[in-house]
1. Tell me the GluC sites (Glu not before Pro) within region 448-504 that lie in a loop according to DSSP and have at most 12 other beta-carbon atoms within 10 Å.
2. Could you tell me which residue out of Leu209, Ala826, Pro319 lies farthest along the dipole of the chain toward its positive end? Charges go on the beta carbon: Lys and Arg +1, Asp and Glu -1, centred on the Cα centre.
3. Divide, for region 860-1016, the radius of gyration over alpha carbons by 2.2 N^0.38 Å, where N is the residue count.
4. Go through Lys824/Lys983; Lys543/Lys586; Lys883/Lys908 and tell me which ones have a Cα-Cα distance over 25 Å in this structure.
5. Which percent of the accessible area of region 749-819 is formed by carbon and sulfur heavy atoms (probe 1.4 angstrom)?
6. For region 850-862, what does the Karplus curve 6.51 cos²θ - 1.76 cosθ + 1.60, with θ = phi - 60°, yield as ³J(HN,Hα) per residue in whole Hz, taken in order and with x for Gly and Pro?
7. In region 92-183, which GluC sites (Glu not before Pro) are in a loop and have at most 14 other Cβ atoms within 10 Å, using DSSP for the loop call?
8. Rolling a 1.4 Å sphere over the protein heavy atoms, what is the accessible area per residue of the chain, to the nearest Å²?
Amino acid sequence: MALAQDTFADLFADLALTEHPGSNDQVQEVKPPVLEKQFFQPSNEIADPTAELSYQEKLKQFENELQKLRMKYAPFLENHVPEPPLERRRLSLTEFQFRYQTEADYEFTNVLNGLGEWEQVTIPDYRGPAGEDGKWTGYYRTEFKFEKTPGKRVYLVFKGVDYAADVYVNNKCVGRHEGFFAPFEFDVTELIQEHNVLVVEVKNDYPTLGVQENQRLDGDKIYAATGPGWDDPESGWHHCPPGAGIYNQVYLEERADLFVHDVFIRPDIDRHSIEVWVDLSSSSDQVVEDFKFELSVWARNYDGGQLLTEKIDVPYTGPGLNYYRYRLPFSDYRLWEPDQPWLYTARVKVAKDGELLDSFDRNFGMRKFHQDEEAEPKGTLYLNNRPIILRGANEMGHLQQCVMRGDFEQLIDDILIAKLANMNYYRITQRPVQEEIYDYLDMLGMMHQCDLPLFGTLRRNQFYEAIKQVGEMERLIRSHPSSIMVTFINEPVAIRKHPDPKHKYNRRYREKAHRHLFRQELEYFFAAARKAIALENPDRVVKNVEGDYDPPTLEGMPDFHCYCMWYTNHGVPLGKLHMGYLPAVKQGWKVTCGEYGTEGLDNYPVMEKYYPREWLPEDEHEPWQPNRIVRAQTYSMHGDWYPEQSSIRDWIAASQEHQALATKLMTDAFRRRSDLLVGTAVHLLIDAWPSGWMKALVDVDRVPKPAYFAYQESLVPVRVNLRSDRWKVYCGDQADLDVWLLNDTAEDLRDCKVIVTVRDDQRIYQSFDKTITGKAVSPTYTGTVRLKVPQVADRSLLYLDAALYSSTGEKINQERLTLEVFQKHALPKKMKTVYLGAAAADLVSRLELSAAEFKNDLQADVIIAAAEEIEEHRAELIKQVEKGAHLLVIRGAQPLAFKFGENCFTAKSMNPVYFAAVNRESELMQQFKPDDFAYFYSALHEQLDFTADCYLLGSDLEPLVYTYQKVNEPGGKPKRIIAGTTKYGSGRVTVCGLPLAGKIGFNPTLDRFMQALVQF
């Protein structure tokens, strides 16, 4: 007993040690805003039909608009700054030998002397292996000649080596660096000869997150889940694998004994000044006295000339690095804005005794980005003192590949493709990148968020290394006006104990607690990391976490990730999101969503051009499954959203159609909540490789998928948006459609008008209008159109065209919502129908069936019964079915489970899905379309709702409606039956696991299915 008590006490001691430092009371689901219903009034004004361009027309328009953007931003790429008066002499090292470490290399002189077999490579070089083979060592070796200039120091500079590098010059180790993104350098003056040998020992490790094949196998590599990738369809294209190599520049550079190591310009638009931080390095081991700085500022991308100059006497400097700061007035400037990214160059010259020793240029922009942490709710973001909402996308490798290939025209286009989509920022996902990328983001006016490369967890022994890398990250990005925000970790997981032994926290605790920080210790890391950032840049906006799966973070703005239309119900169920809910987040704060999206397969030309032949069918018309594509998710995930396809082109079309729908629905829903949601980023915009990460909206050849255009239209800064929870309606129904004004601009909109016109392809039925006002950077519910659905042909399409006009009558934006309209069909009374149980009685009433209540010995053609009633009446039911009756069993108040003769039928719960497939091989089901069992409306919840939340277990059931198991089996995935039928005696038993409460009578296709079952 004492032992048990001690164990119990130890459990709670462990719970206290590992508990979350925050409170669950701080985290609450965000509910929809309460809307005061207002109604649009009938109008004689007509909105024009919304133009529906074909995909090919959109592609042509895309190319034309992209060319216009190239011309618009070309002036901002110009450099009007005169050449510096002194340039450092530099020798680039690009040609190397490479080999992986072998046992022979344990005799390290073999490596230093270049013995053995080597592969010739050109820098940049990035490579595998990764996964369970990802812990390896490789050697880069090159020989070069260099003639030193008397009186100059020689530095060996690396702009980026992944991951750990030990550097040897002429057989001497000159230093070591850990971390893949930060530049580093060594003074090699005394070692450089006329002929030289450079060897770089590169060590890769398993990432702290663990390897994909074996999550328990983790290492010390501070790396998240994105990188530049390499050209290998099996392992390198899917750019999450943590490869390694010298992927950035290597060069020798001559410098004076006294030289500028770095310059940071800290703009202050409120005080019309700049603070100049000069990091000066002295190679002398003594004090150096009486030298001068000359600071000048030049207009970089316009013809403004020299705008500021200041000469400063510096009394002395000590050995090594010295840090100087000067505040200077600067009022003759243009603000850096996304549409007009004006830039300046600060030039710092160092002179002593009349001799110019060094000259260093640093570009900067006059802009302010800050976050309000005083007003409630906290977290409003401001650019240049005006509120702003971040609209963007994740970036995972394509910009980095542009730099590595030296393709800066493509780098420009990739940023302009984002601007063309109405984006204003990139989330450079889970890693800092080459500085050239930040330079072009500056020049083209694209803001960005920079992430420290941590995912999930942090190894306890890497705490201090991670803090060092936080500082390196900030130093890399701090001078760039495009750089607006940083984060420290992606999707942290809780490593802590839980009172429930089966809880996932306990599994993680068992697997990771001996290696990684507990959840509360991550807060220590966040606090320390914020201090490191503030030391390097006091003005930085910090968001501790991207996608907080264990909220709340104690300090700062929360963030969530939401994949509810791919990883079904992830974050928040679709129906709730569409209605205005957001996931549970920290109270008192606004929030961002850093990831959302769905997979859409590559365009067919990309597959033909790049894919290995074994991934593709011999003939494009033959049956094919996307599980041939390495690490593609479509085959395992599609079944919750659309049916299995046949040919490769069918799969592409279906996946891209769903991706476009999901992109629009989720983006629109997020925009309607920009009262709290101040930043969103789709995952992701452009793929770095063929099939790299096919959630991308644009493929590797920069051809947009349909979802790109859906995203572009959803992100129009000022637009009208129609929202309805019912997409299929009956003639004569009353349908309410909410009309929203979505305004991302910093200007209020006054005296605008919205006209909504109801039409089909033949005629106009009605129009409505309303004069509206919208606040800046806010969504505004403007009213509701209450429509009586007109009498039209069965399964007709009814269009609602909404047009937004300015106070002067200029059309600003237009949107179309399409409803499918059904005629109500009454069943003929030729079949004698009875019902058994309350659920069956409700179904009979909703379908307006002519039916009597079930009684023993009352012979019927059709018996509709709630499942929980079967046991009591089984004998009579079996007798009637054996004689030819049809027993239709539906869900009632209890879980569906019953025995009928030798057959046992039960319903097994599953994650609710918004789509169920139709068995078109059944004659009964041929009247239904593939998407007829999708996106049902629930009158109980007054929202878009799931289609099914269980599947049936039972022998000999023929599937009528089904979903799929998430497995990758050849020949098609096994079906999970949601509604099925089987013969019994001379009759038939049909079991329907679809939830009917609140849905029958409001979903025409569901009604027709139940009617069809009654007539079966």
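1. Numbers: sites: Glu465, Glu472, Glu474; in loops: none.
Of the GluC sites (Glu not before Pro), not one in the loops of region 448-504 has a Cβ with at most 12 other Cβ atoms within 10 Å.
2. Looking along the dipole axis, the top candidate is Ala826.
3. Working: Rg = 15.2 Å, N = 157, 2.2 N^0.38 = 15.0 Å.
In units of the 2.2 N^0.38 Å rule of thumb, it is 1.01.
4. Values: Lys824/Lys983 30 Å; Lys543/Lys586 13 Å; Lys883/Lys908 30 Å.
Lys824/Lys983; Lys883/Lys908, as the Cα separations exceed 25 Å there.
5. On the way: 1360 of 3100 Å².
Summing carbon and sulfur atoms, their accessible area is 44 percent of the total for region 749-819.
6. With coefficients 6.51, -1.76 and 1.60, one gets 8, 8, 10, 6, 5, 9, 4, 6, 8, 5, 9, 7, 10 Hz.
7. Numbers: sites: Glu95, Glu103, Glu107, Glu117, Glu119, Glu132, Glu143, Glu147, Glu178; in loops: Glu107, Glu117, Glu147.
Within region 92-183, the qualifying GluC sites (Glu not before Pro) (loop, at most 14 other Cβ atoms within 10 Å) are Glu107, Glu117, Glu147.
8. Values: 40460 Å² over 1016 residues.
I get 40 Å² per residue for the chain.
The values are calculated or read from the model by the stated rules, or taken from the named source; none is laboratory data. Note that the coordinates shown come from a computational prediction; the quantities given were computed from them, not determined experimentally. So basically every Cβ, Gly included, is an ideal-geometry build from the backbone, and we count neighbours across all protein chains shown. What goes into the accessible areas is simple: the full protein's heavy atoms, side chains included, and nothing from ligands, DNA or RNA. Shrake-Rupley method; radii C 1.70, N 1.55, O 1.52, S 1.80 Å.
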